[in-house]
1. Considering every residue within the stretch 189-200, establish whether at least one is surrounded by fewer than 12 Cβ atoms within 10 Å (Cβ to Cβ) and outside the structural domain of residue 281 (by TED's automatic domain parsing).
2. Would you say residue 147 is part of a helix (DSSP H, G or I), over 23 Å from the mean Cα position of the chain (by Cα) and farther than 30 Å from residue 277 by Cβ?
3. Does residue 107 meet the test of being buried (at least 18 other Cβ atoms within 10 Å of the Cβ) and not assigned by TED's automatic domain parsing to the domain that holds residue 229?
4. Return the total of residues in the stretch 26-55 being assigned to a helix (DSSP H, G or I) and buried (at least 19 other Cβ atoms within 10 Å of the Cβ).
5. Please go through (1) in a helix (DSSP H, G or I); (2) touching a helix residue (DSSP H, G or I) at 6+ places or on another chain (Cβ under 8 Å); (3) not assigned by TED's automatic domain parsing to the domain that holds residue 281 for residue 100 and return the number of the only condition it doesn't satisfy.
6. With in contact (Cβ under 8 Å) with a residue 12 or more places away in the chain and at positive phi as the only criterion, which of 93, 60, 77 stands out?
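The values are calculated or read from the model by the stated rules, or taken from the named source; none is laboratory data. Values in this document were obtained by computation on a predicted structure and should not be read as measured data. Every residue, glycine as well, gets a Cβ built from its backbone with ideal geometry; the counts of neighbours run over all protein chains shown.
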């Protein structure tokens with residue numbers, strides 16, 4: 001199996017890649033070996049730098065936009081840079097938290113207004129398009145749950161919530177060496193047990209339940225119970241998305257990457273009228289990570305929708321308690337100062353998670 005590209009790079013090539021990207025981010029101009037030798041302390045000659053740049057081009061991390069031009073990073077080059085060559089800048093992250101602490105009044109302001117303010121601060125500090133989703137409504141409460149056998153290999157889960165929404169979900173059973181009569185009896189017991197345990201529980205709480213240590217009589221159904229919880233969670237997600245708060249569009253579109261009017265039009269169409277396509281890239285409902293600040297970075301063609309294939313999207317979920325309920329993101333050109341973008345998104349997600357959890361408590 002071939003090694004990942006970054007593992008084939010020696011230290012000099014890594015330093016040249018880092019310097020090339022830093023220069024291109026700062027100037028938006030292709031860079032040559034002579035410039036890197038003059039402006040960065042690489043401690044080698046321009047000829048040696050040129051050879052390293054040639055090697056980086058061969059493995060697809062740099063390329064020449066024109067034959068006579070210097071080189072610029074590819075999407076793959078940015079990916080190696082983000083994954084292996086940088087450390088997020090803590091100073092701008094702390095600066096963001098300081099701004100939120102000073103300017104957001106959680107005691108007397110409406111939540112949407114506070115998130116609008118946070119979105120504006122995020123855009124101002126970063127220079128990119130700031131995106132913040134409003135919290136998802138995960139407060140439905142389970143009123144009733146029932147399990148019924150469908151032959152020997154499947155069960156039907158019937159669920160009713162306090163919003164009087166009924167869900168029917170078919171689930172596969174593991175192979176069990178018992179008769180159909182015994183299966184029906186055990187499912188009735190399991191159904192009563194789950195109904196008793198889950199009645200009155202909010203959907204949000206399901207992601208934190210861990211029933212690997214069930215009572216002995218239900219051990220053979222441990223995997224089924226966890227599957228049931230996951231299916232309830234997935235099936236009861238809100239069918240409509242919450243609006244995305246957006247700030248900083250005008251400033252970000254002054255970047256040279258957005259000079260083509262057609263590109264700007266398709267991007268604005270996405271932001272203004274096609275948020276249902278953008279929303280899943282920002283907010284991962286399935287992310288039950290215990291780390292609220294886990295940052296996702298999609299670069300160029302890693303974005304699955306066409307208007308974003310020349311953009312970078314940096315996003316992280318914010319939580320209420322341990323439950324992800326919304327997201328924070330920055331959208332800009334792939335020529336992004338990722339050190340700052342990652343740090344400010346991470347700090348913002350952490351800040352909102354803490355503030356919302358304290359508000360509820």
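1. Yes: one or more hits.
2. no
3. In short, no.
4. Quick first cut of the stretch 26-55, residues assigned to a helix (DSSP H, G or I) only: 26-27, 33-39, 46-55.
Restricting the remaining residues to those that are buried (at least 19 other Cβ atoms within 10 Å of the Cβ) gives 33, 36-37, 49, 52-53.
Result for the stretch 26-55: 6.
5. (3)
6. Only one candidate passes the filter, namely 60.
Each row is one residue, and each column tells you yes or no for (1) farther than 18 Å from residue 275 by Cα; (2) surrounded by fewer than 24 Cβ atoms within 10 Å (Cβ to Cβ); (3) within 14 Å of the chain's Cα centre (by Cα).
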position	(1), (2), (3)
296	yes, yes, yes
303	no, yes, yes
320	yes, yes, no
324	yes, no, yes
328	no, no, yes
333	yes, yes, no
341	yes, no, yes
345	yes, no, yes
349	yes, no, yes
